[in-house]
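No lab work stands behind these numbers, since they all come straight from the coordinates. Small disclaimer: the values here were computed from a predicted structure and weren't measured. Don't worry about glycine lacking a Cβ; one is built from the backbone with ideal geometry, like all the others, and counts go over all protein chains shown.
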Amino acid sequence: MPNKRKQGGFGLMDVLLALSLTALVLITVIPMSMSYYKQKQVDEFMTNIKGLIVQMQLYQFHRTSKEGYKSNPFFPGYMDSWPASFDALMLDYGGAFRELCGPMNEEAGKCVRPDTLPFTTEKLSFKQVMETTVNKVFLVIPTSTLPDDGPRARWGQPLLALPDAQLLDNGDIQILLRPLTKTIMYDEFLRKDGSVHLTGDWDVGGEHAITNAKDYTIRNSDGSQQLVSTGLVKILQVNHGDWIDKPKCPEHQQPDLTLSINTVTIPNQYTLIGSIKPYVLDERFSQWRAGLQVRVVANSTGKATTIDTGRLTAFVQCK
């Protein structure tokens, strides 16, 4: 008789388990892939914007250095040193600063025009304005077209991190275009508005001080910030009855004194029987007076009393 073999195969439980694992993988991987794709779009957009700014600066530098256009924003001719349009950026000088990309080529997927944006059908634009006596040129990104519940922040926050970027009242973002020479020069200096960050240690040379600051903060291990003004403590050793000067504090902070026991001296004629208490004996507008109370009993009479022989540690700070 032929041997009967037991048939093998997948049971229902095996199939369900496999489907469950597949679903779990998809639930995990798909959101991660979407998040990566969205961030990649933003990164590519920022690279294009930065490149466009440099191309316009190079165009302006060529005109001011080779053709005599005004590079000083206080002169009316300054506006003429910049491209008149994005088409001018591509067409002038044989496309030396930006390759030509016409609407038909863009529609065919052969190139991307400089004013095309990935998040809206509206176009990138630039405007020229005169503020008091200064001529200014801005790139304007229509972020106001984005929903104000996540997408606007995703695209807008990297833009606002660029130097001279500003959020307008209508939700758009504008970026001030500076001449290339000034951009290079300013990269070597810290700006008063805080838009340039230190990229290394700041050595003031040992002959100077950093003065007249409202406050300083130090980054903690969890990313939070510690105020230096509240962390500075002056430590003094004082006796009972000594006056302690109050510190001058930043706005919204007050002088603070903490007293603790350093040493207590009990003369031979006394025995310690009770508490030892440091306290503020008196206070003036600009000073505190330290106090020390030690409960003892006189050995000769057995009568309880207090003495103040000892040393106190005073911790003075602003809080």
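Taking the Cβ of each residue in THR116, THR121, THR306 as the centre, tally the other Cβ atoms inside 10 Å and list the residues starting with the fewest.
Neighbour counts put them in this order, fewest first: THR121, THR306, THR116.
Starting from the 7 Å offset along Cα-to-Cβ, what nm value, one decimal, do you get for the label separation of TYR216 and THR309?
Here the modelled spin labels are 4.5 nm apart.
Dividing the alpha-carbon radius of gyration of segment 230-318 by 2.2 N^0.38 Å (N being the number of residues), what value is obtained?
1.29
So if the hydrodynamic radius of segment 38-186 is defined as the Kirkwood radius over C-alpha pairs, what does Stokes-Einstein give as its diffusion coefficient at 25 °C and 0.890 mPa s, in µm² per second?
151 µm²/s
Could you tell me the distance between the Cα centroids of segment 196-248 and segment 55-120, to the nearest Å?
If you average the Cα positions of each part, the centres end up 49 Å apart.
Return the subset of LYS38/LYS123; LYS277/LYS303; LYS66/LYS123; LYS40/LYS110; LYS70/LYS136; LYS70/LYS127 for which the Cα-Cα distance in this structure is over 22 Å, preserving the input order.
In this structure, LYS66/LYS123 exceed 22 Å between Cα atoms.
Using the C-alpha gyration tensor of segment 102-144, what are the square roots of 5 times its eigenvalues, in whole angstrom, with the largest one first?
In descending order, the three semi-axes are 29, 12, 6 Å.
How do ASP245, ASP201, ASP164 rank when sorted from fewest to most other Cβ atoms within 10 Å of their own Cβ?
ASP201, ASP245, ASP164
So what J values fall out for segment 299-305 if you push phi through Karplus, 6.51 cos²θ - 1.76 cosθ + 1.60 with θ = phi - 60°, rounded to Hz, Gly and Pro as x?
Karplus values, whole Hz, x for Gly and Pro: 5, 6, 10, x, 8, 6, 7.
Would you mind ranking SER286, SER144, SER221 so that the residue whose beta carbon has the fewest other beta carbons within 10 Å leads the list?
SER221, SER286, SER144
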